[in-house]
Structures are given as C-alpha cells and as structure tokens.
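What follows is a short report on a single structure.
The values are calculated or read from the model by the stated rules, or taken from the named source; none is laboratory data. All values reported here derive from a predicted model rather than from experimental measurement. Quick reminder, even Gly has a Cβ in these numbers, built from the backbone with ideal geometry, and neighbours come from all protein chains shown. Each accessible area value is taken on the protein alone, full model and side chains, heavy atoms only, with ligands, DNA and RNA left out. Shrake-Rupley method; radii C 1.70, N 1.55, O 1.52, S 1.80 Å.
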Amino acid sequence: MSDEEIQTLNRPRAAGAASPQPLTATPGGSGTAHAAPQPAWLGPVLLVGIVLAALNLRPAITSLGALFEETRTGLGMSGTVAGLITSVPALCFAVFGVTAPRLSRRFGPAAVVCAGMAAVATGLLIRPFAGNAAGFLAASALSLAGIALTNVLLPVIVKRWFPDRVGTMTGLYSMALAAGTSLAAAATVPMTEALGGSWRTGLLVWALLAVAAVLPWLPIAAAARREKASAAGREGAAARTAADTGPRVVRSRTAWALACYFGLQATGAYITMGWLPQIFRDAGVSASTAGILLAVTMVMGVPLAFVIPGIAGRMRNQGPIAAVLGLFGLAGYLGLYFAPAAGAWAWVILLGVSNCAFPLVITMIGLRAKSPAGVVKLSAFAQSTGYLISIPGPLVVGALYQHSGGWDLPLALMAGLLVPQIALGLLAGRDRTIEDECGMRD
C-alpha cells in the first residue's frame with residue numbers, strides 16, 4: 001500500500017455522506033483495502049446503533065450516583081461496600097476491556113458490541129431487584145463489563161466501517177456519550193419522584209434505553225458475520241493471521257503515550273465528578289447550586305464532544321489541541337484555588353472544556369493505527385491501562401482533603417497532573433502510527 005493510500009484511509013474527509021466502507025484484505029494477503037458491497041440499510045442502522053450504544057455507556061454509573069444514598073439505605077450497605085461500588089466502574093473498565101481484542105478476533109467487533117449492549121441491559125434489569133449488596137454489585141459488574149467492551153470497540157467500529165470519517169463519527173458518539181452521562185445525572189431523581197419515589201424504579205428506567213440499544217446491533221452483527229465469512233473464503237490463512245493479530249502495541253511509544261494520557265484525563269474527570277460539588281460547598285455555595293455547577297461542567301461536553309474530534313480528524317498533529325485543553329484545566333483549577341465561589345461559573349466552564357480530552361483521545365486512538373486490527377489492540381491497551389492509572393486519583397484527593405483540612409493541596413495536585421497530561425498529549429498527537437513504530441509492513 002502506498003503512503004498516499006494509507007493517508008487516505010486514516011484521514012477523514014470533511015464532505016460526503018457517512019456510508020459504511022469496511023476494509024477487506026485481498027487474496028494473497030497484500031493488505032490492500034477496498035470497500036465490499038454493503039446493503040443499503042447498513043449505513044443508517046450503524047449510525048443509530050452507534051448513537052444508542054454511546055448513550056448507554058454512562059447512565060449505569062451516573063443514575064446510581066443520583067440515587068446512591070437511597071440505594072445504600074435500601075440495601076443496608078456498609079461504608080466499605082459503598083466505597084467498593086464507587087471504585088468498581090474504573091476497575092471493570094480496565095479488567096474487562098483487556099478481553100475485547102480476543103473476543104473481537106473470535107466473533108467480530110459488531111457481535112461483541114451487540115453482546116455488550118445485551119449485558120448492559122441485563123445487568124440494569126436485574127440490579128433494581130437485588131435483595132442485598134452482593135447481588136446489586138454482581139448485576140452492576142455485568143453492566144459494567146458490557147460497557148467496558150463497548151468502550152473499547154466503538155472506535156474499532158468507526159475505523160472499520162467509516163475509515164474516511166474517523167473524526168466526524170467519533171464526534172457523533174462522543175457527543176451521545178456526554179448526553180447520556182448528563183441526562184442520567186439530571187433526570188434520574190425527577191423521574192424517580194414522578195414514578196412513585198422508589199429508587200428501584202428510578203434505576204430500572206435506564207434498562208429500557210439499554211434494551212433499545214440492543215435492537216439495531218442484531219442485524220449489524222448478522223451482516224458483519226456474513227461479511228467475515230465471505231472474506232474468509234477469499235483470504236489465505238497467512239493473510240487472516242496477519243489481519244487478526246495486528247501490531248504489538250506494548251512496543252509502541254505512541255501507544256504508551258496514549259494510555260498514560262487517557263489515564264490522566266480520566267483521573268481529572270473522576271476527580272471533577274466526585275469532588276467538585278464539595279469544593280464549592282466548602283466555599284459557601286449552596287448544595288443545590290453546587291449540583292447545578294457540576295451539571296454545567298458535564299453539559300459542556302455535549303457540543304464540544306462533537307466539534308473537537310471533527311477538528312482533530314482534519315489535523316496531522318493533534319498535540320496542540322491537547323495542550324489547549326490542558327491550559328483550560330490549569331486556569332480552572334487556579335480559579336478554584338484563589339476564588340472558588342466568586343468565579344464559580346467561569347471555573348466550571350473552563351473545567352468542562354478541559355474534560356473534553358476524552359473525545360480527543362478517542363479520536364487519536366482511531367488515527368494512530370492503520371487497520372481495524374490495530375485500532376482494537378490500541379483501544380484496549382490505552383483504555384485498560386488508562387483506567388487502571390485513574391483509580392487512585394479520587395482516593396488520593398480525598399485523603400489529602402481529609403488530612404490537610406482544606407482544598408489547597410488537592411487543587412495543587414489536580415493542577416500539577418495537567419502538566420504531564422499536556423506533555424503526553426503532545427507525544428500522542430504526533431503524526432505516526434503504531435504499525436510504523438512496531439516495524440510492521442503494509
């Protein structure tokens with residue numbers, strides 16, 4: 001494959017309707033990519049499936065956060081168990097995300113996303129009926145496992161079916177993810193009150209959205225299975241092995257930069273979601289206003305999650321975007337340090353912009369690998385390693401807050417973490433691929 005062909009596959013075009021264009025190796029294992037004929041319905045159904053899947057990637061977490069006190073009381077959870085549940089999402093994302101490449105090779109990414117959405121729906125259907133904390137935790141883990149697989153494989157779906165529109169499609173599902181996160185946080189309590197006040201009913205409602213997300217993935221998975229069977233008939237064993245194995249990402253400096261960047265941005269996001277309201281309340285802001293300020297931070301991600309990937313996809317080097325987002329975060333934390341209440345609205349907007357490092361890093365994952373096989377391994381590695389890195393952050397901030405009696409040290413830590421995050425973003429944003437770094441030929 002020529003350099004010009006590689007650039008065409010990995011750089012999205014600004015114009016044109018979003019039509020699915022899977023990459024299929026030619027006989028003999030040459031690695032040349034071409035678009036196989038696809039049914040006319042596949043493009044629109046893929047768009048719906050991607051959006052619905054993304055909408056379901058966070059409500060299992062944020063809906064529980066809105067009703068956590070009622071859930072703890074209803075199930076008689078101890079403080080230790082409650083703390084365990086709050087740390088389970090990042091742990092599940094790391095542990096189950098590692099299995100995505102193997103499952104994707106065995107069954108195909110579309111089938112695994114379909115199964116992941118089914119796991120999310122099943123866990124959310126079972127969870128409200130749990131009679132104790134152990135059952136609740138197990139059902140939550142089932143949903144989080146499905147979310148972990150989908151987290152990893154949505155960039156692969158985009159790369160495989162929309163190779164020339166990575167930025168645009170990543171922006172679409174990043175925006176849907178942000179919308180689902182904000183919607184569940186804001187609407188769970190009002191819906192619970194409208195439906196009778198039971199926390200079980202309030203959590204059960206989100207299972208309906210997950211069930212809806214399974215439906216479009218059933219025909220998508222079937223179409224992908226037929227395509228895989230057809231491709232298997234045309235390819236030799238050597239070509240299939242090369243396509244399925246992909247590069248060894250642990251040998252790539254870019255992969256490590258992406259993983260660490262992902263971990264630091266996730267650390268900042270979890271710290272913001274967990275502690276920002278408390279920072280404002282300690283500064284004299286009312287509880288209700290503190291909640292609204294957090295919601296503003298989260299809502300900022302909805303439009304920007306669509307805009308930023310589109311811009312990033314048109315650039316050869318995404319490092320400058322990572323640097324700008326980090327500087328917004330530094331300004332926000334400095335504002336919280338010197339005048340938390342006086343400039344509260346400005347600080348939450350700055351932090352909301354900074355937290356859009358998530359759609360940026362997801363876009364970079366799609367651009368830093370040449371093939372779907374490379375993207376699935378890079379996505380699994382970056383996200384699993386990144387979520388492991390993010391686990392201690394909120395706990396360390398809580399410990400510093402408790403022992404120092406204020407927010408000076410925690411805020412200094414939050415701001416300090418943005419310095420290596422910016423540096424890693426500059427490294428991860430360079431115009432290169434993990435295949436090149438691992439010495440793989442086209």
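Sequence gap at least 6, Cα distance under 8 Å: using those rules, report the relative contact order of the chain to the nearest whole percent.
25
May I have the convex hull volume per residue, in Å³, for the Cα set of the range 269-309?
So the per-residue hull volume is 60 Å³.
Return one number: the angle in degrees, 0 to 90 and rounded to the nearest 10, between the long axis of the Cα atoms of helix 133-161 and the longest principal axis of the Cα atoms of the chain.
In the chain, helix 133-161 runs at an angle near 40 degrees to the longest axis.
If you take the Cα Rg of the range 313-352 and divide it by 2.2 N^0.38 Å, with N the number of residues, what do you get? Walk me through the numbers before you get to the answer.
Numbers: Rg = 12.7 Å, N = 40, 2.2 N^0.38 = 8.9 Å.
With N residues counted in the range 313-352, Rg over 2.2 N^0.38 Å equals 1.42.
Hey, can you find the accessible area per residue of the chain for me, probe 1.4 Å, expressed in square angstrom?
With all protein chains present, the chain gives 40 Å² per residue.
Go through 357-370, 313-326 and give me the packing order, highest mean Cβ count within 10 Å leading.
Final packing ranking: 357-370, 313-326.
Hey, what does the equivalent ellipsoid look like for the range 255-356, semi-axes from the Cα gyration tensor as sqrt of 5 times each eigenvalue, largest first, whole Å?
26, 13, 12
To one decimal place, what Kirkwood hydrodynamic radius in Å is obtained for the range 128-169 from all pairs of distinct Cα atoms?
Details: mean 1/r = 0.0814 Å⁻¹.
The answer is 12.3 Å.
Using only the alpha-carbon atoms of the range 348-418 as identical scatterers, what base-10 log of I(q)/I(0) does the Debye formula give at q = 0.17, 0.26 Å⁻¹?
-0.79, -1.15
Given the C-alpha centroids of the range 128-158 and the range 290-319, what is the distance between them in whole angstrom?
Each part's Cα centre sits 25 Å from the other's.
I need the Debye-formula profile for the range 285-433: one equal scatterer per C-alpha, no solvent, reported as log10 I(q)/I(0) at q = 0.09, 0.18, 0.21 1/Å, two decimals.
The Cα Debye sum returns log10 ratios of -0.32, -1.15, -1.40.
From the residues T188, A141, V95, which one has its Cα farthest along the dipole of the range 90-206 in the positive direction, the dipole being from +1 and -1 charges on Cβ of Lys/Arg and Asp/Glu about the Cα centre?
Positive-end residue among those listed: V95.
In the chain, if the dipole is taken from +1 on Lys/Arg beta carbons and -1 on Asp/Glu beta carbons about the Cα centre, which of G74, V112, G202 is farthest to the positive end?
Of G74, V112, G202, it is V112.
How much of the accessible area of the range 79-134, in percent, comes from carbon and sulfur atoms when a 1.4 Å probe is used?
That share works out to 71 percent.
Using only protein heavy atoms and a 1.4 Å probe, report how much of S288 is accessible, in Å² to the nearest 10.
80
Helix 287-299 versus the longest principal axis of the chain: what is the Cα-based angle in degrees, 0 to 90, to the nearest 10?
Computed tilt is about 10 degrees.
What is the helix-to-structure angle for 392-404, meaning the angle in degrees between its Cα long axis and the longest Cα principal axis of the chain, kept from 0 to 90 and rounded to the nearest 10?
Helix 392-404 sits at roughly 20 degrees to that axis.
Once every Cα of the range 321-387 carries one equal point scatterer and solvent is ignored, give the base-10 log of I(q)/I(0) from the Debye formula at q = 0.16 Å⁻¹, two decimals.
-0.63
Cα centroids of the range 192-210 and the range 375-416: how far apart, whole angstrom?
Between the Cα centre of the range 192-210 and that of the range 375-416, the gap is 31 Å.
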